[in-house]
Amino acid sequence: MNLDSKTLHDRDIEHNIHFLTDLKRHQLIGPTVITRGEGIRVFDEKGNGFIDTVSGLWSAALGFDNERLAKAAYQQLRQLPFYHLFNHKSHPNVIELAERLKSIAPVPMSKVLFQCSGSEAIDTACKLIWYYYKSIGNPEKRKIIGRKGSYHGATVAAASLSGETQIHRDFNLPLYPFIHTSFPHFSREAEEHESEEQFSSRMAYELEQLILAENPDHCAAFFAEPVQISAGVIIPPDRYFKKIQKILRKYDLLFVVDEVATGFGRTGKMWGSEIYGLNPDMLICAKALTASFMPVSALLVNEKIYQSMLAESEKSGVFSHGFTYGAHPVGTAVALETLKIFAEQEIIEHVQLICPIFQEYMKKLEEHPLVGEVTGLGLMGGLEIVRDKKSRTFFDSKLKVTRLIEEQSFKRGLIVRGMGERIALAPPLITSEKELIEIFQRFTAALDETYSEISTPTL
Ligand SMILES: Cc1ncc(COP(=O)(O)O)c(C=O)c1O
């Protein structure tokens with residue numbers, strides 16, 4: 001058969017495997033083929049427009065077209081399309097970008113390592129933790145603690161570190177030595193009569209018990225995202241991180257903060273770390289670093305980590321780690337231009353102006369019969385979808401209510417993201433007030449329609 005006579009839709013079904021997708025269902029319904037973007041909208045091959053209320057994957061901070069970023073990439077492609085950082089080589093963009101990231105980091109950082117994805121940066125951080133303890137003569141300190149409900153990526157280490165049961169179950173993970181502490185979702189996990197602060201104290205206590213059970217001499221580090229986005233935007237309870245960091249100091253654990261989704265203004269500040277007073281030894285960022293126009297992630301390490309790297313690499317004469325495309329000249333050119341746009345167009349100031357309106361609309365949804373809880377910070381929010389508002393019991397999972405809401409939203413030209421029993425919204429940081437009104441009108445209509453669909457008895 002002539003390839004051209006087949007639609008993109010059919011060719012996709014024939015040739016592609018999709019991420020986080022029901023593969024069997026995909027054979028039946030196929031893809032939405034997105035062919036172009038404009039502002040906060042994307043368009044399919046038939047010309048239908050959709051507002052993407054999750055910025056692609058929490059990442060297209062500046063929307064889906066930008067002349068300056070396109071030019072930055074093109075100019076770099078003309079000048080030096082590829083070079084690397086192996087064996088003492090460098091290029092101007094990576095030098096400037098490392099300087100720039102250090103200058104805006106929430107705490108003093110010493111050096112920057114570049115990769116292409118959040119997952120790769122997580123993997124690099126895990127390796128550096130082991131490198132660090134080996135360097136200081138403590139190689140048995142190897143266990144790395146993640147949190148239930150967290151997501152840190154899809155590579156073997158990042159998936160092991162993540163705390164989602166499905167990821168583990170499906171792939172026979174986690175690998176040793178990744179272990180997990182409690183999920184700090186106050187409204188779901190708190191005991192009766194426990195205040196938010198008491199709950200945080202218990203979370204810290206449970207972390208301490210885990211460290212003691214696993215032997216403090218074997219526990220190396222703790223990873224956390226400032227806000228647990230993949231769990232549906234779970235905001236840390238009162239004083240949670242203060243208490244957690246105290247335990248980390250007590251048992252001498254390194255602290256790695258994953259700002260892959262929260263970095264660069266999503267929370268209303270440059271970093272979520274600023275909001276919660278986090279003091280990481282390493283910080284990871286990606287996604288909005290290039291507004292997602294190019295795949296770049298960065299791992300910032302403090303002086304303590306860097307000194308251990310110097311000492312350890314001196315022993316063998318090489319730091320045996322690197323990625324061909326890490327610190328890519330085109331990616332770093334786009335990252336530099338993105339950060340210039342953030343500063344010149346006052347993107348974070350815009351988020352600060354617009355986010356109270358966004359949060360007010362989110363909060364209003366709490367009145368909806370389908371909504372049990374609304375959580376949010378900055379320009380992101382999560383809705384819990386329930387069968388009964390009072391008891392907050394969930395629907396039978398076979399009903400797939402969050403999928404129905406996604407579908408109803410889609411019919412109205414809106415892309416929203418179902419995450420288990422929750423729906424997340426995180427529109428591009430450039431979203432205007434007028435566009436917010438449009439988003440919430442369409443989304444409320446989608447919720448209403450879903451509610452009437454599931455409330456209508458089938459004949
Ligand atoms: C908090 C967090 N960390 C890490 C990752 C993994 O990043 P990537 O998909 O670029 O590997 C993600 C991806 O969504 C994320 O949200």
Residue match in segment 435-453 (condition: among the hydrophobic types (A, V, I, L, M, F, W, C) and assigned to a loop (DSSP other than H, G, I, E, B)): no
Single residue of segment 227-262 satisfying the filter (part of a loop (DSSP other than H, G, I, E, B) and β-branched (V, I, T)) that is most open to solvent (accessible area, probe 1.4 Å): I235
Those strands (runs of 3 or more DSSP E) lying entirely in segment 1-116 with at least 1 residues away from the ligand (no atom under 16 Å from the Cβ), surrounded by 19 or more Cβ atoms within 10 Å (Cβ to Cβ) and in contact (Cβ under 8 Å) with a residue 40 or more places away in the chain: 41-44, 49-52, 111-115
Single residue of I144, I211, I179 found to be surrounded by 15 or more Cβ atoms within 10 Å (Cβ to Cβ), of a type in the set (V, I, T) and in a helix (DSSP H, G or I): I211
Segment 401-417, residues that are open to solvent by 20 Å² or more (accessible area, probe 1.4 Å), at pLDDT 95 or above and either closer than 16 Å to G232 by Cβ or in contact with a strand residue (DSSP E or B) (Cβ under 6 Å, 6 or more places away or on another chain) (or both): T402, R403, E406, I415
Residues that are out of contact with any Leu (no Cβ under 7 Å at 6 or more places or on another chain), crowded, with 20+ Cβ neighbours inside 10 Å and of a type in the set (G, A, S), drawn from segment 373-391: G376, G378, G382
Filter result for I275 (open to solvent by 10 Å² or more (accessible area, probe 1.4 Å), farther than 28 Å from A424 by Cβ, of a type in the set (V, I, T) and more than 12 Å from the ligand (Cβ to nearest atom)): no
Selection within segment 423-449 - hydroxyl-bearing (S, T, Y) and surrounded by 22 or more Cβ atoms within 10 Å (Cβ to Cβ): T431
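The values are calculated or read from the model by the stated rules, or taken from the named source; none is laboratory data. Since we're looking at a predicted model, the values are computed, not measured. Note: ideal-geometry Cβ built from the backbone for every residue, glycine included; neighbour counts use all protein chains shown. Ligands, DNA and RNA are stripped out before the accessible areas are found, and what is left, the full protein with its side chains, is counted by its heavy atoms. Shrake-Rupley method; radii C 1.70, N 1.55, O 1.52, S 1.80 Å.
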